[in-house]
Structures are given as C-alpha cells and as structure tokens.
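Working notes for the structure below.
The values are calculated or read from the model by the stated rules, or taken from the named source; none is laboratory data. All of these numbers come straight from a predicted model, not from anything done at the bench. Glycine gets a Cβ as well: all are built from the backbone with ideal geometry, and neighbour counts include every protein chain shown. Ligands, DNA and RNA are excluded from the accessible area calculation, which covers all protein heavy atoms including side chains. Shrake-Rupley method; radii C 1.70, N 1.55, O 1.52, S 1.80 Å.
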Amino acid sequence: AQTVTQSQPEMSVQEAETVTLSCTYDTSESDYYLFWYKQPPSRQMILVIRQEAYKQQNATENRFSVNFQKAAKSFSLKISDSQLGDAAMYFCAYCYGQNFVFGPGTRLSVLP
Amino acid sequence: KAGVTQTPRYLIKTRGQQVTLSCSPISGHRSVSWYQQTPGQGLQFLFEYFSETQRNKGNFPGRFSGRQFSNSRSEMNVSTLELGDSALYLCASSLRGGAWSTEAFFGQGTRLTVV
C-alpha cells in the first residue's frame, strides 16, 4: 500500500526567510502525481503545487518550489520569502488510481 | 466559477443518532471524494463517487455510506454515531477523478461533533 510520511510535525520560520518541508512516500508505481496542500485555520484545503512523476523538472509556483527526487521517493516543499499568511498545516499527498493518500501534515508557524 | 460547497459547516449530534452531510461539487465535475480528518488519524479516504456509482471505498465500517445524484451532488451518511466519529469531513471534487485527476478541489468541510 502507498504511504506518505512527513517527519516534521511542526516547523517555524522567520518572516522573509526560507523553509523546507520534507515528504517521503512509498509506492511501486512509476507514473503518479504528488501534491502539496495547505490548510489554513479556515480549514479549506488549498492546492499549493503539484508534480507529475514522469516530469523530471521540479515544479515551481511563485515562492513555492519542490525538490522531487523520484529514485529516493522524496518530495520536499521549499517556501521562499515566507509570509505571515503562509502559516498553516501543510499536507503532502500522493495520487494514483482513484484516491489520494495524505501525509500526517506539518504545522508551519511564521514568526514576525 | 463557484467552488465546492459543503453543508452544514458545523453539526452537533448525540451518540446513536445518524447524520447526513452534503457536498456540491464544482459545476461539470463528476467525481466526488469524501475524507475524514481527525487529529489522531489525519486525513483518511472514505469513498469516491463518479457518475452516481461508488468507485472506490476506504477502510471504514458500514455505518459510513454515501450516494451521488444525477447532478453530481453527493451526500454522506453516518448511522449510529459514536464519539470517535467527531471529525472534520472534507469533500473534494474533480473532473474525472482517478488517475486522470491532476488536482482535486476541496470544500471547507463539515465539523461534526458527537456528544
């Protein structure tokens, strides 16, 4: 069965600094999707960035970028120039077939 | 376009009761998935509906059931509520779901409290 691990339950970063959230996953598939979702206090899950496993180039979305290491099954999220609004729970997710598998989440605090 | 709408936002029920939650997906989306989120278990997949058919089911007891209507709106029902059913229930819609889905759009969730 596929599993997703986020080894950092909590992280903090100073405003304007850079932080990296880690994610590893386990799968025997070769073609799948990976996502980072943000869940602010409002509870709605917001898609931050996605990566297709067949693409070698790392996805970027403004201040958010990923380091996708397919062989190592690693998918970390880097947030540059952190802002107070980035404070939230961040979930790494794997998608293959008909449902998502989520990691346990990392709570990110942004310090002013 | 309108996002995924879940109703109600908050719900308080007593043990033994049953509850029905509703999810209206984004217009044109035919896949609706349900998730349970608790502090202890994290996000867990409940089931997915596509074109009124349950296409996949997670590891939850039969007290959890769902259905999807012809307009793609979905309902989730939990019977004989237990204290452990207290959770945030999230619904996600996507165009076709499954391996074709490049992203799922989530609703804001329904916070269910069982007392």
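Assess whether A:LEU47 counts as being assigned to a strand (DSSP E or B), within 14 Å of chain B (Cβ to nearest Cβ) and surrounded by 16 or more Cβ atoms within 10 Å (Cβ to Cβ).
Values: assigned to a strand (DSSP E or B): yes; within 14 Å of chain B (Cβ to nearest Cβ): yes; surrounded by 16 or more Cβ atoms within 10 Å (Cβ to Cβ): yes.
Answer is yes for this residue.
Just the residues that are open to solvent by 60 Å² or more (accessible area, probe 1.4 Å) and charged (D, E, K, R), please, taken from the stretch B:16-67.
Once the filter is applied, which keeps residues that are open to solvent by 60 Å² or more (accessible area, probe 1.4 Å) and charged (D, E, K, R), the stretch B:16-67 yields B:ARG30, B:GLU52, B:ARG55, B:LYS57, B:ARG67.
Can you tell me which of A:GLY85, A:GLY103 is in contact with a strand residue (DSSP E or B) (Cβ under 7 Å, 6 or more places away or on another chain), of a type in the set (Gly, Ala, Ser) and either in contact (Cβ under 8 Å) with a residue 60 or more places away in the chain or surrounded by fewer than 20 Cβ atoms within 10 Å (Cβ to Cβ) (or both)? Break it down stepwise before answering.
On the way: A:GLY85 fails: in contact with a strand residue (DSSP E or B) (Cβ under 7 Å, 6 or more places away or on another chain).
Going through A:GLY85, A:GLY103 in turn, the sole match is A:GLY103.
May I ask you to say which residue of B:GLY107, B:GLY84, B:GLY40, B:GLY28 is closer than 25 Å to A:ILE49 by Cα and more than 15 Å from the chain's Cα centre (by Cα)? Give the steps one after another, and end with the answer.
Details: B:GLY107 fails: more than 15 Å from the chain's Cα centre (by Cα); B:GLY84 fails: closer than 25 Å to A:ILE49 by Cα; B:GLY40 fails: closer than 25 Å to A:ILE49 by Cα.
Of B:GLY107, B:GLY84, B:GLY40, B:GLY28, the one residue that is closer than 25 Å to A:ILE49 by Cα and more than 15 Å from the chain's Cα centre (by Cα) is B:GLY28.
Does at least one position in the stretch A:98-109 carry a residue that is part of a strand (DSSP E or B) and more than 14 Å from every other protein chain (Cβ to nearest Cβ)?
Keep residues of the stretch A:98-109 that are part of a strand (DSSP E or B), which gives A:99-102, A:106-109.
Next, from what is left, pick out any that are more than 14 Å from every other protein chain (Cβ to nearest Cβ): A:108-109.
Within the stretch A:98-109 (the criterion being part of a strand (DSSP E or B) and more than 14 Å from every other protein chain (Cβ to nearest Cβ)), the answer is yes, since at least one residue qualifies.
Would you point out which residue out of B:THR113, B:THR102 is surrounded by fewer than 18 Cβ atoms within 10 Å (Cβ to Cβ), over 11 Å from the mean Cα position of the chain (by Cα) and modelled with pLDDT under 95? Reasoning before the result, please.
Details: B:THR113 fails: modelled with pLDDT under 95.
Every option except B:THR102 fails the conditions.
Being over 13 Å from A:LYS38 (Cβ atoms) and in a loop (DSSP other than H, G, I, E, B) is the filter here; which residues of the stretch A:69-97 pass it?
First, pick out the residues of the stretch A:69-97 that are over 13 Å from A:LYS38 (Cβ atoms): A:69-76, A:78, A:80-81, A:84, A:94-97.
Of everything in the stretch A:69-97, those that are over 13 Å from A:LYS38 (Cβ atoms) and in a loop (DSSP other than H, G, I, E, B) turn out to be A:LYS70, A:ALA71, A:ALA72, A:LYS73, A:SER80, A:ASP81, A:GLY97.
Test A:LEU108 against the stated conditions and say whether it is of a type outside the set (Gly, Ala, Ser), within 23 Å of B:GLN108 (Cβ to Cβ), more than 11 Å from the chain's Cα centre (by Cα) and surrounded by fewer than 19 Cβ atoms within 10 Å (Cβ to Cβ).
On the way: of a type outside the set (Gly, Ala, Ser): yes; within 23 Å of B:GLN108 (Cβ to Cβ): yes; more than 11 Å from the chain's Cα centre (by Cα): yes; surrounded by fewer than 19 Cβ atoms within 10 Å (Cβ to Cβ): no.
No, not satisfied.
Could you list, in sequence order, all residues of the stretch A:50-92 that are in contact with a helix residue (DSSP H, G or I) (Cβ under 9 Å, 6 or more places away or on another chain) and more than 16 Å from A:THR20 (Cα to Cα)?
none
If you take the residues in the stretch A:25-44 that are away from chain B (no Cβ under 11 Å) and farther than 23 Å from B:PHE106 by Cβ, which one is most open to solvent (accessible area, probe 1.4 Å)?
This residue is A:SER28.
Please enumerate the residues belonging to the stretch A:50-67 that are open to solvent by less than 80 Å² (accessible area, probe 1.4 Å) and outside any loop (DSSP other than H, G, I, E, B).
Keep residues of the stretch A:50-67 that are open to solvent by less than 80 Å² (accessible area, probe 1.4 Å), which gives A:51-53, A:58-59, A:63-67.
The answer is A:GLN51, A:GLU52, A:PHE64, A:SER65, A:VAL66, A:ASN67.
From the set of residues in the stretch A:15-44 that are touching a Ser or Thr at 6+ places or on another chain (Cβ under 7 Å) and in a strand (DSSP E or B), which is nearest to A:TYR94 (Cα to Cα)?
Filtering the stretch A:15-44 for residues touching a Ser or Thr at 6+ places or on another chain (Cβ under 7 Å) gives A:15-26, A:33.
Still in the running and in a strand (DSSP E or B): A:19-21, A:24-26, A:33.
Details: A:VAL19: 21, A:THR20: 18, A:LEU21: 15, A:THR24: 10, A:TYR25: 8, A:ASP26: 9, A:TYR33: 6 Å.
Going through the qualifying residues, I end up with A:TYR33.
Quick check on this structure: which one of B:LEU83, B:LEU11 is away from chain A (no Cβ under 11 Å), open to solvent by 60 Å² or more (accessible area, probe 1.4 Å) and among the hydrophobic types (A, V, I, L, M, F, W, C)? Spell out how you get there, then give the answer.
On the way: B:LEU11 fails: open to solvent by 60 Å² or more (accessible area, probe 1.4 Å).
Only one candidate qualifies: B:LEU83.
Could you tell me which numbered condition A:TYR90 fails, if it satisfies all but one of (1) open to solvent by less than 20 Å² (accessible area, probe 1.4 Å); (2) modelled with pLDDT under 95?
(2)
Restricting to the stretch B:48-80, count the residues that are over 12 Å from the mean Cα position of the chain (by Cα), away from chain A (no Cβ under 14 Å) and among the β-branched types (Val, Ile, Thr).
1
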